[in-house]
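Data block below; observations after.
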Amino acid sequence: MLNRKKTKHNAQPVKLYHCMDTEQAFADLGVGASTGLPTSEAERRLAVYGPNEMRGGGRPSAFKILFRQLANLMTLILLAAIVVAFVTKDWIEAGVLIGVIGFNTAVGFFQEFKAEKTMDSLRKMSSPTSRVMRNGHQVVVPTVDLVPGDVLYLETGDVIGADCRLFEVFNFETDEALLTGEALPIPKEVAAFEDPELPLGDRINLSFASTTVTKGRAKAIIYATGMSSEVGKIAKKLMENDKTKKTPLQKGLHKMAWVLLIIAITSVLIVFGANKFRVNSDVLLYAIGLAIATIPEGLIAVVTLTMSMGVSSLAKNRALVRQLVALESLGSVTNICSDKTGTLTQSKMVLVRAWLPDEGVLRVSGIGFEPVGQVTKTRQLRLPDATHVNFAKGGANDNGADEKSELLARETTETIVVDPASASPSLRRLAEATALCNMSEIKCDSVTGEWFGIGDPTEVALQVFAHKLSMGKPALTGGDTNQWSVICEYPFDSGIKRMSVVVSNSATGERLMFLKGATERVVPCCASRQNGEQAVEIEPDGLQAYLDPQIQDMAHDGLRVLSIAYRHLTAEESQVDMNKANRENVEVNMTFLGLVGIYDPPRPESFPSVMECYRAGIQVTMLTGDHPATAAAIARQVGILQAEDEGQSSGVDGRAAPHCAVTLGPLVMTAR
């Protein structure tokens with residue numbers, strides 16, 4: 001760590017790096033992609049541009065915290081009353097007022113000082129590092145020492161330390177919700193853009209400080225650090241507008257203090273007037289006593305003590321309050337808008353259902369990342385019943401009746417556990433697709449024994465499903481009998497909402513393309529559907545109508561629905577490099593395999609929290625980009641949709657109006 005002095009650093013120039021190609025960016029920043037910055041140059045730039053950290057938000061001094069406790073009109077009036085009490089030698093009144101102010105100041109000061117010390121300790125605990133290229137070697141440095149021109153290495157799970165221009169990406173996505181509000185990960189690319197006014201969220205060849213890598217890996221060159229980064233610019237604006245606004249309670253107390261001051265002065269004038277302004281010591285003492293009596297000196301102590309008790313209550317629930325007045329703002333909340341995924345739900349996707357055209361619904365047990373669970377399906381059985389029914393002509397007592405009997409049958413169901421070894425060809429192909437058309441991994445921690453996922457949560461859920469059928473990616477890509485390998489990947493694109501891979505089996509010579517994505521984007525790519533071991537031709541419109549009841553059924557149960565398809569490569573395609581092929585030309589003539597339903601279970605605390613909000617008179621609104629039926633199902637589970645809301649318009653689908661979200665009732669459907 002370098003020693004830093006409090007010196008004034010040069011501002012970093014504002015340039016449009018999203019409009020530059022990678023060669024221009026490297027030339028502008030004076031660095032080579034293969035060598036990175038020399039250590040001496042990095043130290044020089046650190047001295048010029050300063051450390052890569054937010055400035056101006058440090059812990060306030062004890063004097064400033066103390067001043068905050070005294071800087072209000074009511075306290076100033078009480079201080080004036082103390083002076084008057086001393087002048088008139090009313091020692092008891094002066095002592096009471098000093099005690100009130102001292103108690104109020106002490107409680108507020110120690111609460112806020114303790115909170116600031118805790119915040120300071122939390123800041124010191126976080127000491128992130130970054131991997132950069134220095135002197136031709138990859139080294140790990142404190143994120144605070146990053147400088148413009150550093151070549152930065154990024155991979156899944158990293159928190160990006162500075163604004164940077166990407167120059168090499170592989171299936172790379174970042175979570176930019178902190179900066180842009182976009183809930184879904186953003187796929188990145190390297191190509192430059194021509195529009196200099198491109199919105200920040202659309203500059204997908206850049207990555208920004210404090211955002212998180214959710215998938216893939218990349219290399220980038222840093223162009224802005226510290227207060228010059230996008231997050232720093234926001235912090236700077238907040239600091240410039242850091243004029244502490246009074247809360248409604250503070251405004252009310254302030255207004256009341258002025259009213260009481262006017263009443264006190266008026267009372268003094270009335271006393272003086274009644275004595276024809278012949279003021280002696282007795283008249284003065286009476287007037288001052290009357291004026292002080294109009295001021296509720298215990299009020300500020302009661303308010304501070306009440307808020308202090310609120311802080312203690314929040315502390316028991318592991319919440320940190322930096323300033324007491326924040327409690328009043330919290331108590332004024334009337335509406336809460338909450339994102340669904342990861343906030344109301346656990347963001348731990350689990351594949352719980354699959355549907356195949358020839359087999360129907362399959363249910364998958366087991367939760368979490370551990371690949372333990374069963375795949376089951378239900379079969380209808382017809383069992384004979386020993387009951388006979390007599391049908392007689394002319395009545396039951398007619399001896400000449402022609403009597404006949406009919407054997408009845410009753411229907412029942414049987415649950416069958418699907419054994420991986422005896423799985424149908426359709427199910428095995430579905431498992432292969434979920435394992436191979438997938439960039440995620442699941443691993444078991446050697447120390448704790450707990451399973452964890454690496455990569456996109458949706459893909460992790462698909463990978464766990466494949467492992468439950470003993471057909472996870474490691475099993476398919478290793479060994480003597482299953483030697484699948486991915487030879488080409490068309491990554492997920494938020495514009496077309498699908499992903500595909502081309503795979504090859506070195507043991508059988510088989511070459512396949514697997515495709516997964518949103519049903520409305522997969523179906524147009526299909527020309528047939530799988531039925532047992534045969535493919536039945538079907539038009540996309542007919543296939544969509546065929547699937548709609550199943551999609552609605554899954555969505556009604558709160559499941560996110562994905563479609564899976566595949567096809568065999570033609571002989572001509574097997575001879576060419578698929579990485580150079582046009583995606584739109586190869587994702588055609590697919591065979592629809594089936595649907596999978598992924599469940600994101602609500603957090604256990606979501607339902608009681610929502611109920612607590614309703615009891616407090618707070619309206620809770622859920623924002624999501626899911627299918628309306630899926631959103632409604634989750635909303636019912638967490639208590640946002642009540643029984644009386646059933647059948648009413650409780651949500652708005654904003655997908656028809658991009659970048660728009662409209663609130664109607666407890667649901668908001670946003671564009672994706």
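The values are calculated or read from the model by the stated rules, or taken from the named source; none is laboratory data. Remember, predicted model here, so these are calculated numbers, not experimental data. So basically every Cβ, Gly included, is an ideal-geometry build from the backbone, and we count neighbours across all protein chains shown. Surface accessibility is based on the protein's heavy atoms, side chains included, excluding ligands, DNA and RNA. Shrake-Rupley method; radii C 1.70, N 1.55, O 1.52, S 1.80 Å.
Looking at this model, which pairs from 443/473; 348/443; 377/497; 215/497 are more than 18 angstrom apart at the alpha-carbon?
Numbers: 443/473 12 Å; 348/443 15 Å; 377/497 29 Å; 215/497 16 Å.
Violating the 18 Å limit, Cα to Cα: 377/497.
Specify which residue in the list 265, 337, 327 is farthest towards the positive end of the charge dipole of the stretch 265-352, using unit charges on the beta carbon of Lys, Arg (+1) and Asp, Glu (-1), about the Cα centre.
Looking along the dipole axis, the top candidate is 337.
Quick one: accessible area per residue over the stretch 547-594, 1.4 Å probe, rounded to a whole number of Å²? Display every interim value, and only then the final one.
On the way: 2330 Å² over 48 residues.
With all protein chains present, the stretch 547-594 gives 49 Å² per residue.
In terms of modelled amide H atoms, which long-range or inter-chain residues lie less than 5 Å from the amide H of residue 488?
502
I'd like the accessible area for residue 61: 1.4 Å probe, protein heavy atoms, all chains in place, Å² to the nearest 10.
70
Gain in length, residue 546 to residue 159, computed as 0.36 nm per residue apart minus the alpha-carbon separation, to one decimal in nm? Working shown, then result.
Working: separation 387, 0.36 × 387 = 139.32 nm, distance 4.39 nm.
Roughly 134.9 nm would be gained on extension.
What is the ratio of the Cα radius of gyration of the stretch 152-237 to 2.2 N^0.38 Å, where N is its residue count, to two decimals?
Working: Rg = 11.8 Å, N = 86, 2.2 N^0.38 = 12.0 Å.
For the stretch 152-237, the normalised Cα radius of gyration is 0.99.
Calculate one ³J(HN,Hα) per residue across the stretch 308-319 by plugging θ = phi - 60° into the Karplus curve 6.51 cos²θ - 1.76 cosθ + 1.60, and present them in order as whole Hz with x for glycine and proline.
Calculated HN-Hα couplings, in order: 4, 5, x, 4, 4, 5, 5, 4, 5, 9, 6, 10 Hz.
Using the Karplus equation 6.51 cos²θ - 1.76 cosθ + 1.60 (θ = phi - 60°), what ³J(HN,Hα) coupling, rounded to whole Hz, does each residue of the stretch 137-144 give in order, writing x for Gly and Pro?
Taking θ as phi minus 60°, the curve returns 10, 7, 10, 9, 10, x, 4, 5 Hz for the stretch 137-144.
Quick check on my link table: of 188/236; 15/580; 15/236; 114/340; 64/246, which ones sit more than 23 Å apart, alpha carbon to alpha carbon?
Numbers: 188/236 27 Å; 15/580 33 Å; 15/236 18 Å; 114/340 34 Å; 64/246 17 Å.
Where the Cα-Cα span goes over 23 Å, the pairs concerned are 188/236; 15/580; 114/340.
What fraction of the Cα pairs in the stretch 472-587, stated in percent, has a spacing above 23 angstrom?
Working: 2596 of 6670 pairs.
For the stretch 472-587, the share of Cα pairs beyond 23 Å comes to 39 percent.
With a 1.4 Å probe and every protein chain left in place, tell me how much accessible area residue 607 has, in Å² to the nearest 10.
Around 100 Å² of this residue is reachable by solvent.
Starting at the first residue of the stretch 198-203, write each ³J(HN,Hα) from the Karplus equation 6.51 cos²θ - 1.76 cosθ + 1.60 with θ = phi - 60°, in whole Hz, x for Gly and Pro.
Here the 3J(HN,Hα) series is 4, x, 4, x, 9, 7 Hz.
Would you mind checking which residues have amide H under 5 Å from residue 176's amide H? H placed 1.01 Å from N; only 5 or more apart, or other chain.
186
Excluding ligands, DNA and RNA, what is the solvent-accessible area per residue of the stretch 161-314 at a probe of 1.4 Å, expressed in Å²? Intermediate results must be reported in sequence, preceding the final value.
Values: 8270 Å² over 154 residues.
So the stretch 161-314 comes to 54 Å² accessible per residue, rounded to a whole number.
Ignoring ligands, DNA and RNA, what percent of the accessible area of the stretch 493-588 is carbon or sulfur (1.4 Å)? Don't skip to the answer; put the middle values down first.
Details: 2080 of 4600 Å².
With neighbouring chains kept in place, the figure for the stretch 493-588 is 45 percent.
Would you mind working out the magnitude of the charge dipole of the stretch 540-582 relative to its Cα centre, with +1 at each Lys and Arg C-beta and -1 at each Asp and Glu C-beta, to the nearest 20 Debye?
Values: 3 positive and 7 negative charges, 28 e Å.
Once rounded to the nearest 20, the dipole reads 140 debye.
With a cap of 15 neighbouring Cβ atoms within 10 Å, and only residues DSSP puts in a loop, list the GluC sites (Glu not before Pro) found in the stretch 421-489. List each step's numbers first, then the result.
Numbers: sites: 432, 441, 450, 459, 489; in loops: 450.
In loop regions of the stretch 421-489 (DSSP not H, G, I, E or B), the sparsely surrounded GluC sites (Glu not before Pro) are 450.
Leaving ligands, DNA and RNA out of it, rank 254, 137, 568 by accessible area with a 1.4 Å probe, largest first.
Working: 254 70, 137 120, 568 95 Å².
So, going from the largest accessible area down, we get 137, 568, 254.
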